[in-house]
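The values are calculated or read from the model by the stated rules, or taken from the named source; none is laboratory data. This one's a predicted model, so the numbers in the text were calculated from it and none came from an experiment. Cβ: placed from backbone, ideal geometry, glycine included. Neighbour counts: every protein chain shown.
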Amino acid sequence: MQQALALAREAAGLGEVPVGALAVHDGKIIGTGFNRREIDRNPLAHAEIFAMDAAAKALGVWRLTGVTLYVTLEPCAMCAGALVQSRVTRLVFGTLDPKAGAVGSLYNLAEEPRHNHRLQVTSGIMADDCRQVLKDFFARLRTRKQDK
């Protein structure tokens, strides 16, 4: 999770919402990503999507069986759906997202019994650190808006 936090901080430095993700297979990092929606002007440019895309390329398959995805913030509905569709085995995330979380907060797409795949989910890993990165980012954003 430390490495995912470093990616989140990198995103914050670029003016992006600080979310970092990494994909691990057989103990090796095979994909990383951080939010790039503003930079890329792309609503799909979430940290999880980049990490899963890199993992699929590294493995040469779209089924990410055996992959654990680490992410600093609970995935949104789009990313949770992508986790299910790509057959990621395990998700580990830092802090809950009460406004958009789709792995327990608002919805639980990872364990939806009607899906053909369910993920193992571990939450709350380094939650305080993950939450603080987000709080600091949004506090700076509000300060900048007030200064204008």
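Scanning the range 85-100 for residues that are charged (D, E, K, R) and closer than 11 Å to VAL121 by Cα turns up just one, ARG90. A single member of VAL61, VAL92, VAL88 is in a loop (DSSP other than H, G, I, E, B), crowded, with 18+ Cβ neighbours inside 10 Å, on the phi < 0 side of the Ramachandran plot and among the β-branched types (Val, Ile, Thr), and it is VAL88. Select from the range 18-29 the residues that are assigned to a loop (DSSP other than H, G, I, E, B) and either hydroxyl-bearing (Ser, Thr, Tyr) or surrounded by fewer than 19 Cβ atoms within 10 Å (Cβ to Cβ) (or both) and list them in ascending order. Answer for the range 18-29, where residues must be assigned to a loop (DSSP other than H, G, I, E, B) and either hydroxyl-bearing (Ser, Thr, Tyr) or surrounded by fewer than 19 Cβ atoms within 10 Å (Cβ to Cβ) (or both): ASP26, GLY27.
Of the residues GLY27, GLY33, GLY60, GLY13, the single one that is modelled with pLDDT of 95 or more, out of contact with any strand residue (DSSP E or B) (no Cβ under 7 Å at 6 or more places or on another chain) and closer than 21 Å to PHE137 by Cα is GLY13.
Taken together, the criteria exclude VAL121 from residues that are aliphatic (A, V, I, L, M), crowded, with 22+ Cβ neighbours inside 10 Å and at pLDDT 95 or above. Checked against the criterion of being under 19 Å from GLN3 (Cβ atoms), touching a Phe, Trp or Tyr at 6+ places or on another chain (Cβ under 6 Å) and buried (at least 16 other Cβ atoms within 10 Å of the Cβ), the range 127-135 has no qualifying residue. If the condition is being outside any helix (DSSP H, G or I) and either under 16 Å from GLY13 (Cβ atoms) or of a type in the set (S, T, N, Q) (or both), then the range 30-44 contributes THR32, GLY33, PHE34, ASN35, ARG36, ASN42. Could you list, in sequence order, all residues of the range 37-49 that are out of contact with any Phe, Trp or Tyr (no Cβ under 7 Å at 6 or more places or on another chain) and either buried (at least 23 other Cβ atoms within 10 Å of the Cβ) or more than 19 Å from GLY81 (Cβ to Cβ) (or both)? Hits for the range 37-49 are GLU38, ILE39, ASP40, ARG41, HIS46, GLU48.
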